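One structure is given below, encoded as structure tokens.
Bear in mind that the values in this text are calculations on the coordinates, not laboratory data. The shown structure was predicted, so the numbers you read here are calculated from the model rather than taken from an experiment. Neighbour counts are summed over all protein chains in view; Cβ atoms, including those assigned to glycine, are modelled from backbone coordinates with ideal geometry.
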Amino acid sequence: MDGAGHPVRIFTAERIIALDGTEPEAFAVRDGWIAATGTLALLEEQYPDAEQIRLHGALVVPGFNDAHCHVSQAALARARLDLTEVDHPDDLRRAVTARAATVPNGAWVIGHALDDRRLTADVVNRAFLDSISGDRPILLIQYSFHRAVANSAALELMGYRTAADAPAGGQLLTDEDGSLNGWMFECAWLDQWLPGTGKGKIVDPTELSARTAALAEVNAELHAVGITSYCDAIVTPVEEQLYRAALDAGTLTPRVNMLLWHSYFDPASPPVSPADTRLQFAGVKMMLDGALGGGTCLCSRPYPGESDSGNGLQVLDDEQFTQQLRQVHDAGLRAAVHANGDLAISKVLDAIEALPPEPAQARMNHRIEHCSIVDAGIIDRIKRAGVTPVPFGAFVHFYGRQITTYYGEDRAQFTCAHRSMLDAGIAVAGSSDYPIVPIDPLVALQSMVTRESADGLVVGPQQRLDVLDALGVYTHGSAAATGEAHIKGRLTPGQLADFVVLDQDITAVAGSEIHRTAVRSTWVGGECVWSAP
């Protein structure tokens with residue numbers, strides 16, 4: 001107990017890296033917060049009645065924080081039809097047919113995480129889905145969430161008959177005869193998916209209880225890789241309802257920030273956070289360009305082999321984007337803008353730089369999600385604007401060769417430029433974009449340290465980080481992206497007692513071996529939320 005009668009627990013471990021420049025022998029936790037750090041003898045003297053807990057593992061660090069992921073979509077995929085492991089057309093046919101048998105007649109059959117690298121568009125298309133069902137709407141969402149494929153019944157419900165029906169910022173693909181082949185890009189399917197656009201036609205038949213059960217399952221898997229906090233980067237009232245239900249049921253074990261999708265933002269009625277540190281809104285999400293891994297991000301120079309200079313896709317037009325960013329800013333909220341290509345990033349910075357000047361201490365740190373392809377000039381502008389970039393942590397590991405092929409070696413050197421950003425004095429967040437990319441932070445740390453792809457290609461070695469800097473990105477860097485660096489990301493007095501216990505000291509192993517590290521236990525607010533069997 002402390003002097004006020006609050007229970008205190010003292011934690012010790014083989015090694016503790018607090019990420020505040022110290023390595024305390026022990027730390028004390030009271031009411032979910034770090035109360036004190038120092039030697040065990042000092043804390044025993046300060047809290048003589050405290051319970052002592054020895055953490056069994058090689059290293060304790062602050063809990064990992066994924067600043068941009070889509071956990072609710074991963075959960076919803078499991079409650080609907082998860083296609084992650086499906087890689088053959090016959091298996092896809094069986095999976096969709098089986099799912100159709102579980103939903104009411106006429107209800108939408110919705111599948112997630114279709115991998116069109118294995119199930120290509122020349123095989124999986126409108127005709128293929130029509131052969132499964134011609135009268136029941138079927139929608140399969142590609143793993144990157146930037147495109148989807150539908151059958152004729154679904155296209156009819158969405159009002160799509162020709163390519164000319166595509167909305168601004170979207171595209172409908174066609175066969176050689178000009179007929180729709182079922183594939184929809186960006187706003188062509190997102191507008192239909194999100195009711196807040198006023199165009200939504202897709203209705204999900206899944207029960208809330210199934211969704212909350214799936215969310216608990218996914219959160220347990222995140223704790224198993226050391227995640228204590230994350231920011232869900234697309235939240236509508238559907239996902240908010242899911243998180244609130246988990247909070248009310250006491251099953252929301254991680255700390256969750258939410259980014260409200262822009263079509264639901266009302267300047268006259270800004271979102272209200274349900275709970276101070278467990279569940280809250282961190283800002284408003286907008287999307288300006290396409291996908292890095294899909295080869296559709298908006299760049300200022302042609303892709304290799306391309307002749308036009310307008311490479312990539314712009315989702316929101318300049319006027320619409322600038323107006324909405326100003327409304328978000330004027331409401332005192334954080335804008336979080338998806339921008340991968342250097343031209344898209346420059347457009348975001350143009351809009352932020354045009355905002356009325358404010359004192360540095362009062363300035364909102366707007367975010368650039370992914371912030372993938374940059375150069376020295378862009379990095380300088382990010383620093384001066386006080387913007388927080390949220391680049392991919394593990395993209396080089398998973399897609400290093402692919403992005404080099406898409407964008408050329410020169411641009412790949414400055415893709416996910418963690419080192420250059422940190423050297424400029426910028427707070428950089430760590431993110432996965434899960435479930436598009438696996439969420440394991442230890443793989444991301446290895447990717448940032450080695451800059452080596454899974455097949456051995458080194459991409460931009462000048463962007464390598466040391467392990468402590470990489471840890472900082474995935475802890476207090478991510479906390480900065482949600483305005484929480486003062487309470488989260490370090491094991492220091494006055495911060496939340498969120499931490500992870502690892503089975504090996506990642507500062508003492510080769511960078512290529514970091515991914516072999518296992519999590520022994522994960523703690524949120526000083527309570528164990530996951531431990532290894």
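What to note about this one:
- Per-residue HN-Hα couplings for the range 136-147 [Karplus 6.51, -1.76, 1.60; θ = phi - 60°; Hz; x = Gly/Pro]: 9, x, 10, 9, 10, 8, 5, 4, 7, 6, 9, 7
- Local electrostatic count at Val272 - Lys and Arg +1, Asp and Glu -1, tallied over other residues with Cβ under 14 Å: -2
- Built amide H within the under 5 Å cut-off of Arg255, gap 5+: Ser229, Tyr230
- Calculated P(r) tail over 24 Å for the range 239-370, as whole % of Cα pairs: 40
- Between helix 318-330 and the chain: long-axis angle, C-alpha atoms, 0 to 90°, nearest 10: 30
- Contact order, relative form, for the chain: 17 percent (alpha carbon pairs under 8 Å, 6 or more residues apart, mean separation divided by residue count).
- Annotation: amide H of Cys371 within the under-5 Å range of Ala339, Val390, sequence separation 5 or more or interchain, hydrogens built in the peptide plane.
- Residues with amide H under 5 Å from that of Leu81, placed H, sequence gap 5 or more: His112
- Coil-residue trypsin sites (Lys or Arg not before Pro) of the range 445-533, DSSP, other Cβ within 10 Å capped at 13: none
- Among residues other than Pro89 with Cβ under 15 Å from its Cβ, the summed charge is -3 (Lys and Arg +1, Asp and Glu -1).
- Normalised contact order of the range 81-197, rounded percent, pairs of Cα under 8 Å and 6 or more residues apart: 20
- Each other residue within a Cβ distance under 13 Å of Asn151 adds +1 if Lys or Arg and -1 if Asp or Glu, for a net charge of 0.
- In order through the range 24-30: 3J(HN,Hα) via Karplus (6.51 cos²θ - 1.76 cosθ + 1.60), integer Hz, x for Gly, Pro: x, 6, 7, 9, 10, 10, 9
- Cubic angstrom per residue, convex hull over Cα atoms of the range 432-533: 129
- Degrees between helix 441-450 axis and first principal axis of the chain (Cα, 0 to 90, nearest 10): 90
- The chain: projected area of the alpha-carbon convex hull, averaged over directions, in nm²: 25.0
- Take each peptide in 439-445, 112-118, count the other Cβ atoms within 10 Å of every residue, and average; sorted highest first, the result is 439-445, 112-118.
- From phi via Karplus (6.51, -1.76, 1.60), per-residue ³J(HN,Hα) for the range 76-90 in Hz, x at Gly/Pro: 5, 4, 5, 7, 9, 9, 8, 9, 3, 9, 8, 9, 9, x, 5
- Equivalent ellipsoid dimensions for the range 362-503 as semi-axes, Å, which come from the Cα gyration tensor, largest first: 24, 19, 12
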